[in-house]
Amino acid sequence: MDPEIPDGYAADGEIDYEGPDPVWLQLVAILVARIRRGDYPPRRAIPSESQIMGEFGIARGTARKAIAFLAAQGLVRTVQGRGSFVEPEQTAPEGGEPTA
């Protein structure tokens, strides 16, 4: 069972190293908030692991784990050598399930 993305982390938020949530999960929440706010539009790249490391002062493994979680949730798609790109939001046709 995947952990839930915690509430309470704003798009402009900072990592709380003393907080109850793991650092990688806080990072996920911040990146999701930025995606929802439109900072990273559909089909456009989110920051690279290196950029995330620089912005938040975290280890590469932490950045990688957060991006992998976003990919597992279907929020981004990682393309080797290119980066991770925001997936378009899935919309449901009238009376139906969301389409892929």
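A short reminder: the numbers here are calculations on the coordinates, not readings from a lab. As the structure is a prediction and not an experimental result, all values here were calculated from the model. Quick reminder, even Gly has a Cβ in these numbers, built from the backbone with ideal geometry, and neighbours come from all protein chains shown.
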R0 of 25 Å, Cβ-Cβ distance R37-A59: FRET efficiency to nearest 0.05
0.45
Calculate how steeply helix 60-72 sits against the longest principal axis of the alpha-carbon atoms of the chain, using the helix alpha-carbon long axis, and give the answer as 0 to 90 degrees to the nearest 10.
20
Förster radius 22 Å - calculated FRET efficiency between D16 and A68 (Cβ-Cβ, nearest 0.05):
0.55
Give me the tail of P(r) for the chain as a percent: Cα-Cα pairs with distance above 20 Å.
38
To the nearest 20 debye, the chain has a Cα-centred charge dipole, built from +1 on Lys and Arg Cβ and -1 on Asp and Glu Cβ, of 600
Sorted on mean Cβ neighbours within 10 Å (highest first), peptides 67-75, 23-31, 8-16 come out as 23-31, 67-75, 8-16
Take the chain, mark every one of the trypsin sites (Lys or Arg not before Pro) that falls in a DSSP loop and has at most 11 other Cβ within 10 Å, then report the longest stretch left between them, sites excluded.
1-42
